Amino acid sequence: MRRGPAPDPASRATRALIHLDHLKENIALVKEKTGVRVCAPVKANAYGHGALAVAKTALAAGAAYLAVATVEEGEELRGGGITAPIILLSIPLPEEIDRLIALDLEPLAGDEEYLAALEGAAAKAGKRAAVHLKIDTGMGRIGCRPGGAVSLAARIAKSPSLTLAGTATHLAASDSPAVEDRAFTGRQLELFSAAVEAVKAAGIDPGLVHAANTGAVAFYREAWFDMVRPGILLYGYAPADGEGKPAMAVKPLMELSSALVFIKELKKGETVSYGRTWTAAEDTLIGTLPLGYADGLSRRLSNNWTALIEPAGDAPVPRPLVGRICMDQCMVDLGRDSRARRWDRVAIFGGPAPHAGVMAARLNTIPYEVTCGISGRVPRIYME
Ligand SMILES: *Cc1c(COP(=O)(O)O)cnc(C)c1O
């Protein structure tokens, strides 16, 4: 077997480079475009990129707020020394409420039962808890009906243990350029604006008004209000405009790569991996990567993805993944004349290879699922 350069002793062959410099640029782009505060959603381990590193960089790049989905995620950030305001996007169990108050998380709330529990826990802790009134204008997930906004806002504003830090909604179809989705988003924004105006007309300060997810940052100026909450956009994936082009020039953060840890010759007619789904049409060289579905490489990419072999000092060569992807390993057909060597790096997505959004399209899913799916076993290597 021919040998390339020795592997980096700092990590295993399979690794995810996280370009924090791209995050800074993406945040700058959003700030420049919208001119309002940015809340960086870092739920789900920052969409798989690493919550603490992303949160710190986002704040350093000028994000005003962070958002998490669970109390535990908030605890990780506070434990890491983060003092910035953190919105709690999802509803916790009653048993978790004392903890969220202790951590000063700012829940999205839109019903009396939850508000009463928050109020009770805040009073017990001798605190005044900041909450964001969540209005459901068409997402059908959490929050009050627009017609219930004024009375809940008043209830929060009058409470000695709560403050109304913000008023929010969430858009269901803002990333779609389709005519009916544009009409639906327009209606959501009208309902939301009217509810916010009604709160103000009742003499109540709605706090920070926020609605815009990625699609609305890209396409709906009227959704920006006081703060925007783009998630996937900050990680480098922009929705497509009407012509199918990315709506904003953001840069993907994540680059998944591995290395050829074994190379062997296969004879014409021999097969690769479980179920023998791939047969060598001629004598060839097969490379093995220590990367499998347990690392987050979907098994549905078996015989259905092209990796980029990066021979040291040579131009990268695209070669197909062949045979079923296993739990911990997968194989690539290098071709009989390959100059690839053991330990050569192999780009899977991002960097020199197509980004996670392209892989997502191949899998008939969204980039969120691809980056969130890269498992905890894959070391994240941060590039400043
Ligand atoms: C996840 C989330 C966002 C960010 O959504 P993207 O589509 O990634 O921009 C914004 N707001 C809420 C309430 C969310 O749950």
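Readers should treat all values here as calculations from the given coordinates under stated rules, not as data from a laboratory. Because the structure is a prediction, the values reported are computed rather than measured. Using ideal geometry, Cβ is built from the backbone for each residue, glycine included, and neighbour counts are taken over all protein chains shown.
For the reader, a short list of remarks on this structure follows.
- Other-chain or far-sequence residues with amide H under 5 Å of residue 307's (modelled H): 319, 321
- Fewest-first ranking of 37, 299, using other Cβ atoms within 10 Å as the exposure measure: 299, 37
- Backbone amide hydrogens, once placed in the peptide plane, bring residue 340 within less than 5 Å of nothing, excluding anything fewer than 5 places away on its chain.
- Computed [θ] at 222 nm, deg cm²/dmol, the chain (DSSP H ≥ 4; -39,500 (n - 2.57); rounded to nearest 500): -8500 deg cm²/dmol
- Annotation: the antiparallel percentage among DSSP beta bridges lying fully within the chain is about 50.
- Anchor residue 31: lysines whose Cα lies under 16 Å away (excluding residues fewer than 8 positions away in-chain): 251
- Gyration tensor verdict on the chain (Cα atoms; rounded if a/c is under 1.5, prolate if a/b is larger than b/c, oblate otherwise): prolate
- Pairs from the list 24/245; 24/127; 33/56 with a Cα-Cα gap above 27 Å: 24/127.
- Taking amide hydrogens as placed 1.01 Å from N in the peptide plane, the amide H of residue 130 sits under 5 Å from those of 163, each at least 5 positions away in sequence or on another chain.
- Size of electric dipole in the chain: Cβ of Lys, Arg +1 and of Asp, Glu -1, about Cα centre, debye, nearest 20: 860 debye
- GNM remark for the chain: springs join alpha carbons under 10 Å apart, and the peak mean-square fluctuation among 153, 315, 218 falls on 315.
- Alpha carbon centroid spacing (whole Å) that separates the stretch 150-217 from the stretch 62-126: 20 Å
- Take every Cα pair under 8 Å whose residues are at least 6 apart in sequence, average their separation, divide by the length of the stretch 20-235, and the relative contact order is 19 percent.
- Applied to the stretch 339-347, the Karplus parametrisation 6.51 cos²θ - 1.76 cosθ + 1.60 on θ = phi - 60° returns per-residue 3J(HN,Hα) values of 9, 4, 10, 3, 6, 4, 6, 10, 7 Hz, with x for Gly and Pro.
- Relative contact order, percent, the chain [alpha-carbon distance under 8 Å, six or more residues apart]: 19 percent
- The 3J(HN,Hα) values that the Karplus relation (6.51, -1.76, 1.60; θ = phi - 60°) gives for the stretch 154-170 are, in residue order, 5, 4, 5, 4, 7, 5, x, 10, 10, 10, 8, 7, x, 9, 9, 9, 10 Hz. Gly and Pro appear as x.
- Likely footprinting exposure, 324, 300, fewest C-beta neighbours within 10 Å first: 300, 324
- Mean Cα-pair separation over length for the stretch 224-288, i.e. relative contact order, pairs under 8 Å, 6 or more apart, %: 23 percent
- Judged by the gyration tensor of its Cα atoms, with axes a ≥ b ≥ c, the stretch 1-144 is prolate; a/c meets the 1.5 cut and a/b is the larger of a/b and b/c.
- Listed from fewest to most Cβ neighbours within 10 Å, the set 345, 336 follows the order 336, 345.
- What the phi angles of the stretch 234-246 give under the Karplus curve with 6.51, -1.76 and 1.60, with θ = phi - 60°, is a coupling list of 5, 7, x, 10, 9, x, 7, 7, x, 8, x, 9, x Hz, glycine and proline written as x.
- Farthest toward the positive end of the dipole of the chain, out of 114, 318, 257, is the Cα of 318, where the dipole comes from beta carbon charges about the Cα centre.
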